[in-house]
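Beneath this line is the structure, given in structure tokens, with notes to follow.
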Amino acid sequence: MGSRASTLLREEEIEEIKKETGFSHSQITRLYSRFTSLDKGENGTLSREDFQRIPELAINPLGDRIINAFFPESEDQVNFRGFMRTLAHFRPIEDNEKNKNAAPSEPLNSRTNKLLFAFRLYDLDRDDKISRDELLQVLRMMVGVNISDEQLGSIADRTIQEADTNGDSSISFNEFMKVLEKVDVEQKMSIRFLH
Amino acid sequence: MISTAELREAMKKLLGQQVGHRDLEEILRDIDLNGDGQVDFEEFVRMMSRGLFSVILMTWTVCTSEPLCWVVLSLSLWWTLLLVFIIVPSVAGISFGIRSLYMRALLQIFKWTSSQMEIRAKEKNEELYKPYSNGIIAKQPSLSLMQQQQQLRCCSSDCAFSDALFFSRRAVESIVDDEVTKCFSAQELENWNLLTRSNCRFRHISLRLTVLWGLGLLLRYCLLLPLRVALAVSGVPLLLVLTPLVSCLPDGALHSGLSEKVHIVCYGVFVRALTAIITYHHQENKPRDGGICVANHTTPIDIIILANDGCYSLVGQVHGGLMGLLQRALVKASSHIWFERSEAKDRHLVAKRLGDHVADKNKPPILIFPEGTCINNTSVMMFKKGSFEVGCSVYPVAIKYDPRFGDAFWNSSKCGIISYLLWTMSSWAIVCSVWYLPPMKREDGESAVDFSNRVKSAIAAQGGLVDLVWDGALKRSKVKDDLKKEQQKLYSKVLMFDRDLRNRNNI
């Protein structure tokens, strides 16, 4: 009774996650606590059902797409590393200056990577293009039954028209970035993690 | 004629390896007086009469060297001590003040423990993990639907895709820290209270702390747990035996007086079995006959805590086994409302029986836990409106447990009731405060749902608990689709508004 996850996080693992994601030691410990409390099966991984148990996430219109973002290609379980990697996208960009051991490659929470995360929310088949159908499907998830097919179709058409520059009636990642260049992505997609 | 060989075999079998060969020969020589190798009838009689005395002596030596005898002796001695020092004073209403002394001593020890841990953390240059003084994230406060709509409108005007950013941030915030899932697991403590069960990150911190923890373990499991189990085990038959006896008496002053006394004695024994240190506040507002008492629910022990201070009628489903026995015994003492499983689903039947009970002013107040399930004592969840439709006075009661001495929350998915009780009896103590709030009545034109929310806010404010609108049933079931549809409707309004605005601008 009351057996919390007996697998404590080892120091080496914490260091590796720190280097990869940029979270601090105490933030990683705290998030590990949260990870284990969500892990009802106590096997060190989360499944889709574990996420859907969170009511606030279940009622979010994009909830299913966000849950999907945590799981790598065709897998049903996500371990703590994968969990942290996805959460790292939402770290504020300002925090990077404080981190002395910055990763040599682009940090996970750079503007480009944040936009890539958002792009993948729409790109359902992961072919690096948002087609009209994919856009329609995601919009349908967000509005439910409240808007008719024609109206939704016209909204989708207009969005693609505004974004598409090379005329292939689908949106590539570069076109996506161009559309959002005036939007303060750093502020909109950042969560302030406390120390 | 019995030959000495046969006798030797028989004695060997009787006494086993304890009798040496020489002793055996001596015994045989004693018996076989004429030394002919045979035991005749006269010799046999002489042996038995002389041997009877030695047999009695032998039995006594054998018995007292058996561990079972000692166990029985010590148990009966212990039970007598228990009776004299704990049960009799509780009946007479005397208290030696041991429990408050115990509580103060424990608090001092906890303070020392946390200072030690902080010193160690400073040495290692780490920060000590405190779950409440600083949360994981600086969360945006939860917004009403109107406010959400406005927020969406401001960001929607930028571009079509920025809505996805809004929703994704909200989603990830709820993954990292949400209000509801926290309520269904035991509360985390600020400072360690020397129980491994409350510190999942237990690492060897220092030798002194480990020694202290070991001492605490010994104290709890070798002294406190057996004592409490003995008390509980003697309390249950006491209840089962005394209540039918009292119910045999004719109705009258003697009957009700004795029945109250029996009630107080039995619940006093249970309270001591849990080492529950309870503080009752505002006893002038105690629930009166003909009303409904409503309280927040953390554990089945809530019933013992409240019943210790007054008589209530309980409401619940009929169970089998020991619980069923207890239910039947309780019904003999005072009127409780037990439902068959099929009846419980019929809302009108439930309401009718509640109404009938409340209408009779001589019956004790009904005790109901409107949340419907155990919540971990940090928040109050949605109150079911059934008990608020009856139309009588509602007496709200707030119960707040102090988690430092032992976690009272029953996580029914993790363990059953017996292991939960054993778990509770091996913690330090159950310390709680009970506040009786002034009675509330439903106002004209107020719906049952609004009334239940009003009572809930009062209880949450008094007990220092978070007032949540979410349903406690979310512990087991998925969230209703209606709530998601509400969110979708909200967003579609924003999208259409935006579209109309653009169309108007284009024209």
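The values are calculated or read from the model by the stated rules, or taken from the named source; none is laboratory data. Not measured: the values here are computed from a predicted model. In this analysis, Cβ positions are derived from the backbone assuming ideal geometry, glycine residues included, and neighbour counts consider all displayed protein chains. Calculation scope for accessible area: heavy atoms of the full protein, side chains included, ligands and nucleic acids excluded. Shrake-Rupley method; radii C 1.70, N 1.55, O 1.52, S 1.80 Å.
Which sequence of A:Lys129, A:Lys178 reflects their accessible areas, 1.4 Å probe, from the largest down?
Descending accessible area places them as A:Lys178, A:Lys129.
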I'd like the accessible area for B:His348: 1.4 Å probe, protein heavy atoms, all chains in place, Å² to the nearest 10.
150 Å²
After finding the eigenvalues of the alpha carbon gyration tensor for the stretch B:207-473, what semi-axes result from the square roots of 5 times each, listed largest first in whole Å?
31, 25, 17
Quick one: Cα centre-to-centre distance for the stretch B:338-377 and the stretch B:396-441, in angstrom?
21 Å
For the pair A and B, the solvent-accessible area buried on both sides (1.4 Å probe; DNA, RNA and ligands excluded), in Å² to the nearest hundred, is 5800 Å²
Provide the per residue accessible area, probe 1.4 Å, for chain A, rounded to a whole number of square angstrom.
48 Å²
Round to the nearest 0.05 the FRET efficiency obtained for A:Asp125 and B:Leu225 when R0 = 56 Å and r is the Cβ-Cβ distance.
0.40
So what's the back-of-envelope 222 nm ellipticity for the protein assembly as shown, counting only DSSP H runs of four-plus at -39500 (n - 2.57) apiece and dividing by all residues, rounded to 500?
-16500 deg cm²/dmol
If you count only protein heavy atoms and use a 1.4 Å probe, how large is the accessible surface of B:Val390, to the nearest 10 Å²?
40 Å²
In square nanometres, what is one fourth of the surface area of the convex hull spanned by the alpha carbons of chain A?
13.1 nm²
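Which net charge results for the neighbourhood of B:Ile98, defined as the other residues with beta-carbon distances under 12 angstrom from its beta-carbon, given Lys and Arg at +1 and Asp and Glu at -1?
Values: positive: B:Arg99, B:Arg104, B:Arg272; negative: none.
Neighbour charge sum, excluding B:Ile98 itself: +3.
Could you list the square roots of 5 times each eigenvalue of the Cα gyration tensor of the protein assembly as shown, that is, the equivalent ellipsoid semi-axes, sorted largest first and rounded to whole Å?
On the way: eigenvalues 866, 276, 114 Å².
Listed largest to smallest, the semi-axes of the protein assembly as shown are 66, 37, 24 Å.
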Which log10 I(q)/I(0) values does the stretch B:290-342 give at q = 0.17, 0.19, 0.31, 0.32 Å⁻¹ under the Debye formula, counting every alpha carbon as one identical point scatterer?
-0.59, -0.74, -1.40, -1.39
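Where in chain B are the helices, taken as whole DSSP H runs, whose Cα atoms extend 24 angstrom or more along the long axis and whose Kyte-Doolittle mean reaches at least 0.0? If you can, show how the numbers build up before the last one.
Details: long enough: B:41-65 (34 Å, 0.78); B:98-123 (38 Å, -0.21); B:225-247 (33 Å, 1.87); B:253-273 (30 Å, 0.75); B:481-506 (37 Å, -1.62).
Helices passing the filter in chain B: B:41-65, B:225-247, B:253-273.
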Could you work out which residue, out of A:Ser74, A:Ser26, A:Ser37, moves most in a Gaussian network model of chain A, that is, has the largest mean-square fluctuation with Cα springs under 10 Å?
A:Ser74
If you rank B:His357, B:His21 by how much accessible surface each has, with a 1.4 Å probe, what is the order from largest down?
B:His21, B:His357
Could you please state how large a percent of the accessible area of the protein assembly as shown is carbon and sulfur, counting protein chains only and using a 1.4 Å probe?
58 percent
In the stretch B:214-229, which residues have a backbone nitrogen under 13 Å from the label point lying 7 Å from B:Thr196's Cα in the Cα-to-Cβ direction?
B:214-218
With bins of 10 Å, the percent of all Cα-Cα pairs of the stretch B:448-507 per bin from 0 is 18, 25, 26, 17, 12, 3
Which percentage, to the nearest 5, of the DSSP beta bridges contained in chain B is antiparallel?
30 percent
For chain B, shape from the Cα gyration tensor axes a ≥ b ≥ c, cut at a/c of 1.5 then a/b versus b/c, turns out prolate
If you average the alpha carbon positions of the stretch B:453-468 and of the stretch A:147-195, how far apart do those two centres end up, in angstrom?
43 Å
Find, among the GluC sites (Glu not before Pro) in the stretch A:32-63, those assigned to loop by DSSP (not H, G, I, E, B) with at most 13 other beta-carbon atoms within 10 angstrom.
A:Glu42
Taking the Cβ of B:Trp338 as the center, what net charge do the other residues with Cβ under 11 Å away carry, scoring Lys and Arg +1 and Asp and Glu -1?
+1
Once the dipole of chain B is set up from charges on Cβ (+1 Lys and Arg, -1 Asp and Glu), the residue from the list B:Met323, B:Gly291, B:Ile109 lying farthest towards its positive end is B:Gly291
Heavy-atom accessible area ranking, 1.4 Å probe, most first, across B:Glu25, A:Glu175:
B:Glu25, A:Glu175
